[in-house]
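A short worksheet on the structure shown next.
The values are calculated or read from the model by the stated rules, or taken from the named source; none is laboratory data. None of the values given here were measured: they were computed from a predicted structure. All Cβ positions, glycine included, derive from the backbone under ideal geometry; neighbour counts span all protein chains shown.
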Amino acid sequence: MPSVGDTIEVLDHGFVRLDAAEATDLSVVNGARVSFLQMKQGPDAEVDAKDEGLIRFLMREGHASPFEHNLFRFHVRCPIAVAREWMRHRWSSFNEHSLRYSAAIDDFYIPSAGQVRTQVGKPGAYRFEPVDPETATRAQDLLGKHYQEAWNRYQELLEMGVARELARLVLPVGIYTEFYWSVNARALMNFIALRNADQAMWEIRQYAAAVEDFFAAAMPATHAAFVEFGRRAP
């Protein structure tokens, strides 16, 4: 099972790494039982069947705050298009690589042929279907050529002395960025519920699945209750 310091590779150049964590099922149990001053403390404190039952009760009844007394800190590398969806989850903290202060990362996302897809249906009620192999290859080629042209123009602007904060304007959202993300278990479950779901963008689903692997390893009883009660954050 993945743990602190481990990295899960995602897409062609991306990853999710668990940089640090202070997150256990016991943090949920103690967050709830402090109301009665019946916390479990000390190095030998462990979660037992009764504690797991309490976690299930809290999840089922929507008692949310006990799930907030913990912290995960992730280091993420993903395309900017994915990052912009990710950062809509405001109940967490982000710090991202700045293209004002340093040069861009020379990596761009090109989907595999199987993930070059077409959109069928009306907005809000559409589905995605794969394209034929010839179209997929052509799409990959066009993306690659556009990325290279954009990168060349970016470098040209920098060499002309144009400030990084302006030169970055030519870069597409397929370029990779990196950020740190700090989040508690309640907000993490909300992210997973929305982004590791069928209706989510395929690319961010791959990242959400990696995040969920870390969550399940660190807080197995909480994750099991999350799954049991419909994969909804309390």
Positions within the stretch 181-197 being assigned to a helix (DSSP H, G or I) and more than 15 Å from residue 65 (Cβ to Cβ), in sequence order: 191, 192, 193, 194, 195
Selection within the stretch 5-33 - at pLDDT below 95, outside any loop (DSSP other than H, G, I, E, B) and either of a type in the set (Gly, Ala, Ser) or not assigned by TED's automatic domain parsing to the domain that holds residue 46 (or both): 27, 31, 32
Are there any pairs with C-beta distances below 7 angstrom linking a residue in the stretch 107-132 that is farther than 17 Å from residue 173 by Cα to a residue that is at pLDDT below 85, with the two at least 6 apart or on different chains, and if so which? 119/126; 120/126; 127/121
Those residues of the stretch 187-234 which are in contact with a strand residue (DSSP E or B) (Cβ under 8 Å, 6 or more places away or on another chain), among the aromatic types (Phe, Trp, Tyr) and either over 17 Å from residue 76 (Cα atoms) or surrounded by 23 or more Cβ atoms within 10 Å (Cβ to Cβ) (or both) amount to 191, 207, 214, 215
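Let's see how each residue does on (1) in a helix (DSSP H, G or I); (2) in contact with a helix residue (DSSP H, G or I) (Cβ under 7 Å, 6 or more places away or on another chain); (3) surrounded by 13 or more Cβ atoms within 10 Å (Cβ to Cβ):
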| position | (1), (2), (3) |
| --- | --- |
| 89 | no, yes, yes |
| 98 | no, no, no |
| 121 | no, no, no |
| 134 | yes, no, no |
| 139 | yes, no, yes |
| 143 | yes, no, yes |
Can you pull out every residue in the stretch 198-234 that is within 20 Å of residue 112 (Cα to Cα), without any contact (Cβ under 8 Å) to a residue 24 or more places away in the chain and either assigned to a helix (DSSP H, G or I) or in contact with a Gly (Cβ under 8 Å, 6 or more places away or on another chain) (or both)? 205, 208, 209
